[in-house]
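I have placed the structure first, in the form of structure tokens, so that the comments after it can refer back to it.
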Amino acid sequence: MKQSVLIIGPIADIGGRELETGFVASILEENYDITVLSTVYYTSKSQIFDFISRQRVKNLDALIYKQNLWFRFLAFISYLKSLKKLSVLQCVSNSLSKKTGYRTLAIDLIKREIDKKDAVFICAQLSSNYIKEVVEYSKSQNKPIVLRTSNTIRKLDINQNEWIANIDLFIHHSMSNANRLTFLNNYKYLLIDQCTFRENEMLMIPPAKKFKTILFVGRLSYEKGIIELVNLFEDNKIELDLKIIGDGQLFDEIKDVSSKLDNVELLGFLNQNEILHQLKKVDAVIIPSYEESGPLVGLEAMASARLVLSTRVGAMEERLKDCENQFWFNVDNLDTLKPLIDRIRAFHQEDIERIAIGNRKRYLEKYKMGTIKSQYKSAIFNLLNHPRKESV
């Protein structure tokens, strides 16, 4: 009989966490009986289904709706109050439910799922809902626990959170994130970065030879630095075209600004096929984020042999260490970006091509899909067969 793994986290429809969780699930299901439990609402369009079947994925609110008549009733009332603009499952976690035992039942159902499995794999932030309860209960049942950090770890995440020490293995994208938890006793971690999910196609894209069009891919939210970037294009005559892929809370604001600019194009949310098509049309990717764990688009740019302009965020410095591509700027001071753009624009065609090919070479050396798959398989095998011993 196969050993079994529960993968749990706030898996919604779109984003890096959804893609990475689906990728990890597809790797592990080759050797293990896996179930993914999402603690938040998702639809049939979730990107996780690009990797695994719907039968493998459970939703916490759907379990509550199915098993409890009271919360089913409250969900339907909330659905009617929304004038049927939301789905019934979106209404399960409503304000009245939360006052009448919703969380208690949710935690009980999570525990039942943990009981069925041999190990627990968390893909979440340390501050994500239910993670404390997942860790504490798994520990009490002697279930090995691995946590894949999906964001930059902040001081707020670790203050007075003693339960973090119960996690058997952390998997981080970068050393900078790993170093934030070195205060833990018996701290065990691995560095496993991401890879592209359309690797073969990206590796076939001809390398960039000019510098006329740059691409932003990501959630349109404040921590991504997208407002600052668009404002720079609005306030300065940047002699570049900027394409923006993404959706989020700032969509309308960015749409308003970009509609006034001839060289800024807002494309909205695009799927992986469409992103691949856009990568073929641009010369560079820009990452203006304040915080990231990766980001994935950085590796997509490297695999596609594109230049990368980035803040010193997430794993980007480690990914590009010793590469010629040292194009860093500060999102808090975008005066650092304009001279950087001017410097790259002065490069000869052969210089741009050489740097772009160097980025692809680095991807092939360290981040190929086969390499990342092997790292995950080894990590879970060792976790299940060589559990961490408590220090005496």
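The values are calculated or read from the model by the stated rules, or taken from the named source; none is laboratory data. Everything numeric in this text was worked out from a predicted model, so none of it was measured. Reconstructed Cβ throughout: ideal geometry from the backbone, glycine too, with neighbour counts over all protein chains shown. Only protein heavy atoms, including side chains, enter the accessible area calculation; ligands, DNA and RNA are left aside. Shrake-Rupley method; radii C 1.70, N 1.55, O 1.52, S 1.80 Å.
Sequence-distant contacts, meaning Cα pairs under 8 Å at least 6 residues apart, place the relative contact order of segment 33-149 at 20 percent.
Between residue 81 and residue 141, what FRET efficiency comes out of the Förster formula 1/(1 + (r/R0)^6) with R0 = 41 Å and r the beta carbon distance, rounded to 0.05?
Numbers: r = 39 Å, r/R0 = 0.95.
Efficiency, from the Cβ-Cβ distance: 0.55.
Sorted into 20 angstrom bins from 0, the C-alpha pair distances of the chain split as 26, 54, 20, 0 percent. Surface analysis of the chain yields an accessible area of 47 Å² per residue, using protein heavy atoms and a 1.4 Å probe. Within the chain, the longest run free of trypsin sites (Lys or Arg not before Pro) that sit in a DSSP loop with at most 13 other Cβ atoms within 10 Å is 322-388. For the Cα trace of segment 276-367, dividing Rg by the Kirkwood Rh returns an Rg/Rh value of 0.94.
Residue 333 to residue 183: extension gain in nm, 0.36 nm per residue of separation minus the Cα-Cα distance?
Details: separation 150, 0.36 × 150 = 54.00 nm, distance 3.23 nm.
Computed gain between residue 333 and residue 183 is 50.8 nm.
For segment 159-297, calculate the relative contact order in percent as a whole number, restricting contacts to Cα pairs under 8 Å that are 6 or more residues apart.
Details: 178 pairs, mean separation 40.1, N = 139.
Computed over segment 159-297, the figure is 29 percent.
Which is the longest run of the chain containing none of the chymotrypsin sites (Phe, Trp or Tyr not before Pro) found in DSSP loop states (not H, G, I, E, B) with at most 16 other C-beta atoms within 10 Å? Walk me through the numbers before you get to the answer.
Values: sites that count: 183, 187, 269, 290, 347.
That would be 1-182.
Along the chain, the longest continuous region that contains none of the GluC sites (Glu not before Pro) in a DSSP loop with at most 16 other C-beta atoms within 10 Å is 31-238. Converting the Cα gyration tensor eigenvalues of segment 232-282 into ellipsoid dimensions via √(5λ) gives semi-axes, longest first, of 20, 15, 7 Å. Any idea what diffusion coefficient segment 175-218 gets from Stokes-Einstein, in µm²/s, Kirkwood Rh on alpha carbon pairs, 4 °C, 1.567 mPa s? Translational diffusion coefficient: 88 µm²/s. Multiplying the residue separation of residue 69 and residue 323 by 0.36 nm and subtracting their alpha-carbon distance yields 85.5 nm.
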